[in-house]
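I have placed the structure first, in the form of structure tokens, so that the comments after it can refer back to it.
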Amino acid sequence: MATAPPCACGAPSPSLRCPLALPLPFATSHPAVRLAAPPLLARRLAVSPRRAASALEALVLESDDEEEESGIGLFQGEEWAATADERDAVRSPELEVFELEELPEQWRRSRIAWLCKELPAYKHSTFTRILNAQRKWINQDDATYITVHCLRIRHNAAAFRVYSWMVQQHWYRFNFALATRVADCLAREGKVEKCREVFDAMIKQGRVPAESTFHILVVAYLSVARGGCLEEACTIYNQMIQMGGYKPRLSLHNSLFRALVSKTGGTAKHNLRQAEFVYHNIVTSNLEVHKDIYAGLIWLHSYQDVIDRDRIKALRDEMKRAGFEESTDVLVSLMRAFSKEGDIKETEATWHWLLRSGCELPAQAYICRMELYARTGEPMKSLEMFKEMKNRNIPPNVASYHKIIEIMTKAREIEIAEKLMDEFVESDMKHLMPAFLDLMYLYLDLDMHEKLEHTFTKCLGRCRPNRILYTIYMESLVRIGNVSKAEEIFDEMHKNGMIGTNAKSANILLRGYLLAENYQKAESIYELMCKKKYDIPVESLEKLQSGLLSSKKVVKPPKPVSMKLDEEQREILIGLLLGGTQIESHAQKGVYIVNFKFQEDSHAHSALRVHIHERFFEWLPSACRSLNRESEIPYRFSTIPHAHFGFFADQFFQKGQPVLPKLVHRWLSPRVLAYWFMSGGVRLQSGDIVLKVSGGDTGGVERIVKSLQAQQSLACKVKRKGRFFWIGFQGCNADSFWKIVETYVLDSFASSTEESHNVGSDGLQDYTYYESDTQRHGRESEE
């Protein structure tokens, strides 16, 4: 499919692509909407959301009235407020708690009042010790009262700690109303992980969460700028309808739909099925369908690999019946769809309709026409379109340069392609790599190897290298017989984690050795390929077989040998496990699977994903090994089930929960620390470095700190936040840590600072403050 790269693809107008703009009170610790209440409740409480201060209104509905006044709704220039009936329909279950005056014991009243006053001020460890000291007398009603009090005074973190402690006690009986209240307050504050924990607990109890909990959690996920949150929001939304049987309000449908079309076309095209489901729910609920919903669906359909003309026609007909005119976004989407099918008549008709509309012509419309004539075998007409765009004072963008250079190289118009490439480079635009690759493929096809090498060197000076670039250069070197240089390039690729080797590069080198009749090295690379489970062409095997006959050697087919992790893979896995990678047991006893997970919104994690896929290639299932392009590698993939992972499962997990191995302090090599940093660490703009410890207790963290001090002479501090410890290196210690791991850290992490992928959704509010070192934690645990 010939389309512009995702980074530069055209997209709907800002009304479809602007960030989610709900005035949520997540950014501050004191939301604008508050429930007025005295510090201690003096009467029996019936805790349920008041209409004037509903959690839902604090999240979505409060914005409706403001947007009506400003004229900016969920999509720009339109009114997307929910009706009063919809607002009243979403309520939380009523929660009742006793009043203190009803308690006959004065000492109990005093102790509860003291806990309500003191607990919110303490950190996690002291907080838990105080609650543990009350076990002899406290009961569920007492703990419920304290939890509700913390919620009323907006100490939601303290309320969650009390609730979490309470559910672990032997006397606890599930309280659906209390769980709903805690989940709603946590989601309102943006603590999606904690809210999800309570949400999942409700489902495990066989209860369907309240509509308010579904609604607030969806909006909370949409408000978190972190990879995977949109998928989680879609999951909760689907459960709300399919499991709960609820009918979401119009504002929630619109919020989710807008998030689905907020990315570029190449990425958002995978959201089509979910977007169609949202549209179906709006229609079947007899709610008003906004015109930008139609535009968004047509936009998503235009980016599909196979165009569904019937569905696009049906959407256009529904738009007309609703009285909506086709906007510029819709017309450009139609041109994109028609041009992909090579339909000149419909594309040109839509183009003339766009001209008659009198709107400002977008560059994407010209790109569609360029692609159209390239598909119909008229590349020079595509060049005319590019020149016409510049003559109309429409500045070419990155996508237009990519497209015209791609077309000219495929047409083998060397001089024109080189001139356009020079013009593109001089424009100081970014994302030059696709154009360089198109030019190198042209030189390779025409055996212009000197120009290819010059372009390779020029590309390295301006772009971050990748595997495709090096593979093309290797192919060129093998064709001209420079096998020694090709071998150097292969070794450089393997050593550079940002590039890595694959089956294609290994086969190129094998073919080079066979052409040079260097059968000894050919046999060596053949053994490596068998170990990595790379596919080897039959003709290469036959040449190797015939070449080794003179030395009375025979190439045997690869034997099913016992797979083992090499030293590098073991150290990488330890570092990833410290950073949060999960291992799960398989149905077969004693067999385990490693689940790799990476953040989609992080460029650094995208590079790490490709690197881990290459390093653990032989441990992946065949479906994951058969991917042709790096872009096809998923952000979540798993290894094959194998008993060799049992050691790591026993060391890093107990009863399904992450722990720190007792011997972890002996495994902290520079490579382990580097992969720990890349998977669960962050480098701050100040230069300080923090590492998140996944699992473990004070003792395990203390062993790590002492080991770093003894082996690497690194002084560090520790902060505990919720269920995690954070180890921080400041000043010269951060510099020393970086020097230790720099050799093994990927280049994309070296230039990345304070990326959100390294911190959970709850965040680490103050990176530069560390509570104390582990000695203080040790003293607290002894008290």
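The values are calculated or read from the model by the stated rules, or taken from the named source; none is laboratory data. Bear in mind that the values here come from a model prediction, so they are computed numbers and not experimental data. Note that we place each Cβ from the backbone using ideal geometry, even for glycine, and neighbour counts take in every protein chain shown. Keep in mind that these areas ignore ligands, DNA and RNA; they rest on the heavy atoms of the full protein, side chains included. Shrake-Rupley method; radii C 1.70, N 1.55, O 1.52, S 1.80 Å.
Note on residue 684/residue 174: beta-carbon distance plugged into 1/(1 + (r/R0)^6) with R0 of 51 Å gives a FRET efficiency of 0.75.
Here residue 635 sits with roughly 60 square angstrom of accessible surface, probe radius 1.4 Å.
So how strong a dipole does the stretch 563-686 carry about its Cα centre when Lys and Arg Cβ are +1 and Asp and Glu Cβ are -1, to the nearest 20 debye?
300 debye
Indicate the gyration tensor shape class of the stretch 392-471 (rounded, prolate or oblate), computed on the Cα atoms with a ≥ b ≥ c the square roots of the eigenvalues: a/c under 1.5 is rounded; otherwise a/b larger than b/c is prolate and the rest oblate. Because a/c hits 1.5 or more and a/b fails to exceed b/c, the stretch 392-471 counts as oblate. Rolling a 1.4 Å probe over the protein heavy atoms of the stretch 176-244, with every protein chain left in place, gives an accessible area that is 45 percent carbon and sulfur.
Just how large is the dipole of the stretch 396-551 about the Cα centre, in debye to the nearest 20, putting +1 at every Lys and Arg Cβ and -1 at every Asp and Glu Cβ?
Using only the charged Cβ atoms, the result is roughly 520 debye.
Tell me the net charge near residue 474. Cut-off is 13 Å between Cβ atoms, residue 474 excluded, with +1 for each Lys or Arg and -1 for each Asp or Glu. Before the final figure, lay out each step's value.
Working: positive: 467, 479, 485, 504, 511; negative: 453, 475, 487, 488, 491, 492.
Surrounding charge for residue 474 is -1.
Charging the Cβ of each Asp and Glu at -1 and of each Lys and Arg at +1, and nothing else, the dipole of the stretch 85-246 about its Cα centre rounds to 780 debye.
Considering only 689, 661, 724, and ranking their Cα positions along the charge dipole of the stretch 620-733 that arises from unit charges at the beta-carbon of Lys, Arg, Asp and Glu, the one farthest toward the positive end is 724. The portion of the accessible surface of the stretch 567-755 made up by carbon and sulfur, rounded to a whole percent, is 46 (1.4 Å probe; DNA, RNA and ligands excluded). The distance separating the Cα centre of the stretch 265-280 from that of the stretch 595-634 comes to 24 Å. Which of rounded, prolate or oblate describes the stretch 590-739 when judged by the alpha-carbon gyration tensor and an a/c cut-off of 1.5? The shape class here is oblate. Net length available on complete extension from residue 325 to residue 595 is 92.4 nm, with 0.36 nm assigned per residue and the Cα-Cα distance removed. Model label sites at residue 445 and residue 603, defined 7 Å from Cα along the beta-carbon direction, differ in position by 3.0 nm. The spacing between the stretch 340-366 and the stretch 114-177, judged by their C-alpha centroids, is 64 Å. The simple Förster model, with R0 at 30 Å and r as the Cβ-Cβ distance, assigns residue 412 and residue 387 a FRET efficiency of 0.95. Within the set of other residues whose C-beta is less than 12 Å from the C-beta of residue 244, count the net charge using Lys and Arg as +1 and Asp and Glu as -1. In short, +1. The trypsin sites (Lys or Arg not before Pro) of the stretch 120-209 that meet both conditions, a loop assignment by DSSP and at most 15 other Cβ atoms within 10 Å of the site Cβ, are 123, 135, 136, 173, 207. Given their separation in residues at 0.36 nm each and the Cα-Cα distance between them, residue 425 and residue 643 gain 73.3 nm when the chain is fully extended.
Extending 7 Å from Cα along the Cβ direction at residue 118 and again at residue 533 yields two label points whose distance is 5.9 nm. The stretch between residue 494 and residue 96, if pulled fully straight at 0.36 nm per residue, gains 136.9 nm over its current Cα-Cα span.
Each of 142, 422, 329, 535 has its accessible area taken with a 1.4 Å probe; listed largest first, they run 535, 422, 329, 142. Summarising the label geometry, the points placed 7 Å from Cα in the beta-carbon direction at residue 710 and residue 348 lie 8.1 nm from one another.
Ligands, DNA and RNA excluded, the heavy atoms of residue 457 present near 90 Å² of accessible surface to a 1.4 Å solvent probe. Using the Cβ of residue 672 as centre and a radius below 13 Å, the other residues enclosed give a net charge of 0, where K and R count +1 and D and E count -1.
Work out the FRET efficiency for residue 742 and residue 626 from their Cβ-Cβ distance, taking R0 = 41 Å, and round it to the nearest 0.05.
The pair residue 742/residue 626 has a calculated efficiency of 0.75.
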